[in-house]
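Enquirer: Below: one structure in structure tokens.
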Amino acid sequence: MNRILSLEKEHIIERAHLYTMQTDEKGDCYLRDAKGKDLVPDPTDPSNPDEKLIMKDYAILMKLPNILAPERIDTKNTILLFAGCKVAGQVGLTQWIGDPVNLANLTREYSSRFFQVILEIQYRFAPRGIPGILKTDILAIEQIEVKST
């Protein structure tokens with residue numbers, strides 16, 4: 001994530017929704033927006049869960065050039081960043097990308113381009129199991145512009 005921020009400051013990567021995955025001082029994950037509107041998942045209490053409560057988590061999917069290449073950004077090879085803040089975000093993102101309609105839409109729109117998808121996942125907490133995903137909303141989906149280096 002720090003490399004993405006660095007490349008944005010150098011104006012090599014440009015995107016409208018400037019979210020990066022971060023952790024706070026307690027180690028809790030959230031999506032940081034450079035414009036000041038962070039997306040923070042609902043806190044969970046595994047010792048006293050309310051299994052009827054509808055909660056929110058967030059996920060990010062990015063197709064990027066190989067930003068970890070040693071000398072220059074490698075635009076011929078790609079990195080797929082696939083992450084959820086909590087288990088519900090990871091499960092929701094996995095279900096979303098596994099949906100043939102979503103996968104076909106991504107392929108049609110962005111097959112040869114870099115992109116990002118920001119998702120909000122509504123779910124019910126499961127203390128010893130897979131969270132019950134209720135709804136997955138796209139908060140942002142856009143092309144990532146990469147300038148030559």
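The values are calculated or read from the model by the stated rules, or taken from the named source; none is laboratory data. Keep in mind the model is a prediction, meaning the values are calculated, not measured. Positions of Cβ are backbone-derived with ideal geometry, glycine not excepted, and every protein chain shown enters the neighbour counts.
Enquirer: Considering each of Thr136, Thr78 in turn, give the residue that is in contact with a strand residue (DSSP E or B) (Cβ under 8 Å, 6 or more places away or on another chain), free of Cβ contacts under 8 Å to residues at least 60 places away in the same chain, closer than 30 Å to His11 by Cβ and hydroxyl-bearing (Ser, Thr, Tyr).
Expert: The match here is Thr78.
Enquirer: Can you tell me which residue among Leu61, Leu134 is farther than 18 Å from Met1 by Cα and in a strand (DSSP E or B)? Break it down stepwise before answering.
Expert: Details: Leu61 fails: farther than 18 Å from Met1 by Cα.
It is Leu134.
Enquirer: Do we have Ala88 as surrounded by fewer than 17 Cβ atoms within 10 Å (Cβ to Cβ), out of contact with any Leu (no Cβ under 7 Å at 6 or more places or on another chain) and at negative phi here?
Expert: So Ala88 fails the test.
Enquirer: Hey, Ile67 hits all of (1) touching a helix residue (DSSP H, G or I) at 6+ places or on another chain (Cβ under 7 Å); (2) among the β-branched types (Val, Ile, Thr); (3) modelled with pLDDT of 95 or more but one; which does it fall short on?
Expert: (3)
Enquirer: Output the residue which, of all residues in the stretch 1-56 that are part of a strand (DSSP E or B) and either of a type in the set (S, T, N, Q) or farther than 23 Å from Ile144 by Cβ (or both), is nearest to the chain's Cα centre (by Cα).
Expert: Initially, the stretch 1-56 is screened for residues part of a strand (DSSP E or B), giving 13-14, 19-23, 29-33, 39, 54-56.
Filter once more, so that each one left must be either of a type in the set (S, T, N, Q) or farther than 23 Å from Ile144 by Cβ (or both): 20, 22-23, 54-56.
On the way: Thr20: 8, Gln22: 11, Thr23: 14, Ile54: 20, Met55: 17, Lys56: 14 Å.
Looking at the filtered set, the residue picked out is Thr20.
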